[in-house]
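Working notes, structure below.
The values are calculated or read from the model by the stated rules, or taken from the named source; none is laboratory data. Only a predicted model underlies this, so the values are computations on that prediction, with no experimental measurement involved. Note that we place each Cβ from the backbone using ideal geometry, even for glycine, and neighbour counts take in every protein chain shown.
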Amino acid sequence: MRDLARDARWLSINTATTRGQWDLRQAIDGVARAGIAGISPWRDQLQAMGVAAAAAAIRANGLVVTGLCRGGMFTEFDRAGLARALDDNRRAVDEAAAIGARCLVLVVGGLAPRSRDLAAARALVRDGIAALLPHARAAGVPLAIEPLHPMYAADRACINTLAEANDLCDALGEGVGVAIDVYHVWWDRALEREIARAGRAGRILAYHVCDWLVPTRDLLLDRGMMGDGVIDLKRIRSWIEAAGYAGSCEVEIFSRENWWKRPGEEVLATCIERYRRVC
């Protein structure tokens with residue numbers, strides 16, 4: 001495996017990690033001051049700053065944009081309303097292209113409104129990504145399907161395992177891959193096999209790290225700093241790198257009651273230390 005203790009060039013900060021303290025302009029400046037190589041913005045922060053201004057600031061600081069969060073949510077409307085979701089996703093692709101993002105991360109959406117039909121939701125996701133792909137291919141922006149923990153199947157993502165994401169990629173073809181977030185997939189007994197499968201196809205586009213706390217007080221907003229929970233981060237990274245992934249290790253921590261309340265500089269310093277020691 002790569003020696004992360006000696007080289008920070010593969011570290012990236014997802015701006016969710018400092019959402020409680022910093023807007024995007026502050027995050028760009030803070031990440032650059034800390035000597036971190038990469039950043040991954042969220043669209044609401046990007047739009048608040050302005051896409052052109054953000055792109056200029058990112059370039060001026062020499063940062064790599066490891067992804068843009070997020071597109072997807074294809075099931076927020078019923079099938080008749082899919083066109084509205086696609087319009088927003090095309091804008092997301094254009095924003096990703098404008099800031100030079102390596103991928104657009106897709107959180108695909110849960111059950112459609114007033115529906116209990118999970119199979120129909122997954123079909124809607126497949127059709128939505130297929131409809132988005134021509135625009136993404138033309139823009140040169142790969143689409144990264146992020147499987148989310150099953151607890152989010154109803155409201156955020158009906159794609160819940162890396163196997164399901166790999167199956168979608170097989171069906172959809174060029175221009176689509178996966179974002180592997182340890183928070184969502186660490187529990188899966190098929191994880192090593194499915195990481196290898198994704199690697200053989202060259203479709204691992206992003207790798208997100210944090211930790212799973214015991215107890216977890218909030219299923220969305222109580223992620224742990226690496227090393228504070230139960231995920232075997234080094235083992236999963238060994239599988240990721242054995243599969244051929246040589247990209248960034250992106251820290252994404254939603255932590256309303258802990259890390260969002262600390263100074264941003266302290267959060268980034270801790271990310272660097274844990275990246276070197278734990279990841």
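Quick notes
- Sub-9 Å Cβ pairs linking a first residue in region 96-114 that is without any contact (Cβ under 8 Å) to a residue 40 or more places away in the chain to a second residue that is polar (S, T, N, Q), at least 6 apart or interchain, are Ala112/Thr75; Pro113/Thr75, ordered by first then second residue.
- Boolean, Asp23 is closer than 26 Å to Gly175 by Cβ, charged (D, E, K, R) and surrounded by fewer than 18 Cβ atoms within 10 Å (Cβ to Cβ): no
- First in region 66-86 and farther than 15 Å from Val107 by Cα, second anywhere and at pLDDT below 90, Cβ under 6 Å, 6 or more apart: Arg84/Phe77
- Elements of type helices (runs of 4 or more DSSP H) contained in region 179-279, each with 1 or more residues being of a type in the set (Ser, Thr, Tyr) and either farther than 19 Å from Ile36 by Cβ or touching a His at 6+ places or on another chain (Cβ under 8 Å) (or both): 182-185, 233-242
- Positions within region 89-103 being in a loop (DSSP other than H, G, I, E, B) and under 16 Å from Ala53 (Cα atoms), in sequence order: Ile99, Gly100, Ala101
- Total residues in region 113-142 satisfying the condition of being part of a loop (DSSP other than H, G, I, E, B) and in contact with a helix residue (DSSP H, G or I) (Cβ under 6 Å, 6 or more places away or on another chain): the figure is 1.
- Taken over region 186-234, the criterion of being charged (D, E, K, R) and more than 12 Å from Asn166 (Cα to Cα) is satisfied by Asp188, Arg189, Glu192, Asp211, Arg217, Asp218, Asp222, Arg223, Asp228, Asp232, Lys234.
- When residues of region 7-44 are limited to those that are of a type in the set (A, V, I, L, M, F, W, C) and without any contact (Cβ under 8 Å) to a residue 60 or more places away in the chain, the one nearest to Arg91 (Cα to Cα): Trp42
- Of all residues in region 153-178, those being without any contact (Cβ under 8 Å) to a residue 60 or more places away in the chain and either of a type in the set (A, V, I, L, M) or not in a loop (DSSP other than H, G, I, E, B) (or both) number 16.
- Filtering region 176-196 to residues that are among the charged types (D, E, K, R) and either closer than 17 Å to Lys234 by Cβ or surrounded by 18 or more Cβ atoms within 10 Å (Cβ to Cβ) (or both) leaves Asp181, Asp188, Glu192, Glu194.
- Pair list, Cβ < 6 Å and 6+ apart or interchain, from region 209-231 residues that are among the basic types (Lys, Arg) to residues that are part of a loop (DSSP other than H, G, I, E, B): Arg223/Cys210; Arg223/Ile253; Arg223/Phe254
- Scan of region 224-279 for residues that are loosely packed, with under 15 Cβ neighbours inside 10 Å and under 17 Å from the mean Cα position of the chain (by Cα), ordered by number: Ala246
- Counted residues, region 26-50 - those being surrounded by 15 or more Cβ atoms within 10 Å (Cβ to Cβ), within 19 Å of the chain's Cα centre (by Cα) and not aromatic (Phe, Trp, Tyr): 12
- From the list Gly62, Gly81, Gly71, the one residue that fits, being outside any helix (DSSP H, G or I), small (Gly, Ala, Ser), out of contact with any Pro (no Cβ under 8 Å at 6 or more places or on another chain) and surrounded by fewer than 20 Cβ atoms within 10 Å (Cβ to Cβ), is Gly62.
- Positions within region 250-279 being farther than 15 Å from Arg223 by Cβ and hydrophobic (A, V, I, L, M, F, W, C), in sequence order: Leu268, Ala269, Ile272
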